[in-house]
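We did not get these values from a lab; they are worked out from the coordinates using the rules stated. Treat the numbers as computed from the prediction; the structure is a model and nothing was measured. Because the Cβ atoms are built from the backbone with ideal geometry, glycine has one as well, and the counts that use them run over all protein chains shown.
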Amino acid sequence: MTAQIIDGKALSQRLRVGFRERVERLKARGVSPGLAVVLVGDNPASRVYVGNKIKACEECGVHSLHIGLAADVSEAEVLATIERLNRDAGIHGILVQLPLPAHIPIARVLEAISVHKDVDGFHLYNVGALVTGTSIFPPCTPYGVQLLLDTTGIDVAGKNAVVVGASNIVGKPMGLMLLQREATVTICHAKTRDLAQHTILADILIVAAGKPGLIVPQMVKEGAIVIDVGINRLPDGRIVGDVCFDAVKEKASWITPVPGGVGPMTVTMLIENTLRSAERAFKAADGDEFQDWEAPVVKSPD
């Protein structure tokens, strides 16, 4: 068996075509969707991520505002910047690029962002609401993974889903989103004993551990769907995931590549959430022009 490739780049491009149509609808009604990205310090990786997000905004016709703050900026100034953006009617989404300098408390910054502009889905309200399935904005990476799973055409209900990695950004919300779809979910983490005894039972294996080569074929069930969220740069400059792709693809039924799998979807779902925020703001101000939010419909390949 050789796995079919789940092409995140292709799906992302398809979704962005629809995004441009939604932007035009909003602009025809006098609303220009806007995303503010706040970058504190000069972390090289963060600069790349911010650049990718701004480029995606341009591609979809979304207005972007890049705010750069010095690494030694005070917590008060960061919070004041967020408060200004909360009050700005032209900004529908606010993203504070992580990580932050050590002297800035991440939790306090994320909680300062308006729930209605928290397009990264990191506010306590949105994270907590995942338990009941009522989050306004799902976290972007798990949201993207959910749509990638949809492209396989396989119903996750009743499947054994194993998530490797228990971060607040990916692992935990991913587990909750899979539970909402009635999968049987196991979340593994750094203290999990004998990781392979869990992964070998997975019909759906989602790996977000940040360890290159962690998952080898002996740890994967024949015919499993494997989603690799990991992005790791090797000493020779290559970008790889957490899964030994070439070997595991001979055992899985579906697999995401790295790069070109989950990564493009994360940025795309950020734009989706920003458009959703703009549509909600328009609806609140002007009546019932836009229906309430529904996830993009993704069809499996023919």
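How many nm is it between the label spots at Thr2 and Leu201, if each spot is 7 Å from the Cα in line with the beta carbon?
3.3 nm
Report the extension gain between Ala102 and Asn168 in nm, rounded to one decimal, defined as 0.36 nm multiplied by the number of residues separating them, less their alpha carbon distance.
Between Ala102 and Asn168, full extension yields an extra 22.0 nm.
How far apart, in nanometres, would the label points at Asp236 and Glu83 be if each is projected 7 angstrom from Cα along the Cα-to-Cβ direction?
Spacing of the two 7 Å Cα→Cβ label points: 5.3 nm.
Between the range 153-181 and the range 1-34, how far is it from one alpha carbon centroid to the other, in angstrom?
Each part reduced to its Cα centre gives a spacing of 23 Å.
Listing Cys57, Cys188 from the residue with the fewest other Cβ atoms within 10 Å to the one with the most, what is the order?
Cys188, Cys57
About the Cα centre of the range 101-166, how large is the charge dipole given +1 on each Lys and Arg Cβ and -1 on each Asp and Glu Cβ? Please answer in debye to the nearest 20.
So the magnitude is around 100 debye.
How long, wide and thick is the range 190-270, going by the Cα atoms along their three principal axes, in whole angstroms, largest first?
32, 26, 25
To make sure I understand the rule: partners must be aspartates and glutamates, Cα under 18 Å from the Cα of Lys191, and not fewer than 8 residues away in the same chain. Which ones qualify?
Filter leaves Asp242.
Can you tell me the 0 to 90 degree angle between the C-alpha axis of helix 140-151 and the longest principal axis of the chain, rounded to 10?
50 degrees
Simple spin-label model, 7 Å along Cα-to-Cβ: Arg14 to Gln218 in nm?
Label-label distance for Arg14 and Gln218, simple model: 3.8 nm.
Cross-link list Lys221/Lys249; Lys159/Lys211; Lys9/Lys249; Lys53/Lys283; Lys172/Lys221; Lys53/Lys117: which exceed 20 angstrom alpha carbon to alpha carbon?
The answer is Lys159/Lys211; Lys53/Lys283; Lys172/Lys221.
If one takes the longest principal axis of the Cα atoms in the chain, at what angle in degrees, from 0 to 90 and to the nearest 10, does the Cα axis of helix 75-87 lie?
Tilt of helix 75-87: around 70 degrees.
So what is the calculated 222 nm ellipticity per residue for the chain, using -39500 (n - 2.57) for each DSSP H run with n of 4 or more, over all residues, to the nearest 500 deg cm²/dmol?
-12500 deg cm²/dmol
Give the angle, between 0 and 90 degrees and rounded to the nearest 10, that separates the Cα long axis of helix 44-60 from the longest principal axis of the Cα atoms of the chain.
70 degrees
Provide the FRET efficiency to the nearest 0.05 for the Asp194-Arg29 pair, computing r from the beta carbons and using R0 = 51 Å.
For R0 = 51 Å, the calculated efficiency reads 0.35.
Which is farthest toward the positive dipole end of the chain among Ser64, Ala196, Gly158, measuring Cα position about the Cα centre, with Cβ charges +1 (Lys, Arg) and -1 (Asp, Glu)?
Ala196
Which whole-number value in Å³ per residue fits the convex hull of the alpha carbons of the range 140-262?
Spelled out: Cα convex hull of the range 140-262, divided by residues, is 99 Å³.
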